[in-house]
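The values are calculated or read from the model by the stated rules, or taken from the named source; none is laboratory data. Fair warning: this is a prediction, and the values are worked out from it, not measured in the lab. Positions of Cβ are backbone-derived with ideal geometry, glycine not excepted, and every protein chain shown enters the neighbour counts. Note: accessible area is taken over every heavy atom of the protein model, side chains too, but ligands, DNA and RNA are not part of it. Shrake-Rupley method; radii C 1.70, N 1.55, O 1.52, S 1.80 Å.
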Amino acid sequence: MAGHSKFKNIMHRKGAQDKKRSAMFSKLSREITVAAKMGTPDPDMNPRLRAAVLAAKAQSMPKDNIQRAIDKASGGDVENYEEIRYEGFGPGGVSLIVEALTDNRNRTATNVRTIFSKNGGNLGASGSVSHGFDRMGLIEYAAKAGSADAVFEAALEAGAEDVQSDADGHEVWTAQDALHEVAKALEAVLGEPEAAKLAWRPQTMVSVAEGDAGSLLKLIDALDDDDDVQTVSGNYEVSDEVMEKLA
């Protein structure tokens, strides 16, 4: 897998999952609260909230934490978070889309710009790279959910547009407005997914050589470490051979 999903491998390679758990829970909680505030606090009636809760469950976030984040949306002291998207270029000519939830636009913009410049990247103007991506629905299943053929058949029947399977798991891609309909149909066959969300799918991939891969992974890692950054998507492809050399 590449782009957004490859970052799971990066985090695993660095053994950073435990150290980042607290920060990850904070980001997941923020998305849950914002989703609940923008719609109804019932995940079954609020697709964005359901996706956020699924993401939290996939990271073993305690049920009490999830419920607290939902309840916080109805409180009067909730921060007013703004959704901002940044676009830029990383080492090796890779295109990156960074999505953030922030209560301070200036702080976040400064931090993201600094991270890009310190790690061999350049922050571009709005629209500078997003034209090379399609906004689609993405449903992720672990490899144990079924064989590639079984998942493909289920996805085809559910109305998905494409499926990519490898040793890490299955990615089911849907039209943007069909995400939750397809996810519901798949859940009846394959069980609850690890994630169901909107994502940026690259139209073409960029193979990153060993010389640029280390710098690129540091850039993505630094972006992910920022408290305001929610997701980092890219059109990069790093071979297993290069990943092993960097490990």
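Of note:
- Test: residue in region 148-163 that is closer than 30 Å to residue 117 by Cα and either crowded, with 19+ Cβ neighbours inside 10 Å or over 17 Å from the mean Cα position of the chain (by Cα) (or both): no
- Looking only at residues of region 168-190 that are β-branched (Val, Ile, Thr) and free of Cβ contacts under 8 Å to residues at least 40 places away in the same chain, we find that the one that is most open to solvent (accessible area, probe 1.4 Å) is 189.
- Within the option set 199, 213, 195, being modelled with pLDDT under 90 and either out of contact with any Cys (no Cβ under 8 Å at 6 or more places or on another chain) or open to solvent by 60 Å² or more (accessible area, probe 1.4 Å) (or both) holds for one residue only, 195.
- Flag if residue 84 is within 21 Å of the chain's Cα centre (by Cα), at pLDDT 95 or above and part of a strand (DSSP E or B): yes
- When residues of region 36-58 are limited to those that are within 19 Å of the chain's Cα centre (by Cα) and open to solvent by 60 Å² or more (accessible area, probe 1.4 Å), the one farthest from residue 176 (Cα to Cα): 57
- Any chance residue 76 is loosely packed, with under 15 Cβ neighbours inside 10 Å, modelled with pLDDT under 70 and more than 30 Å from residue 94 (Cα to Cα): yes
- Wholly within region 123-189, strands (runs of 3 or more DSSP E) carrying at least 1 residues that are out of contact with any Leu (no Cβ under 8 Å at 6 or more places or on another chain) and farther than 27 Å from residue 95 by Cβ: 133-142
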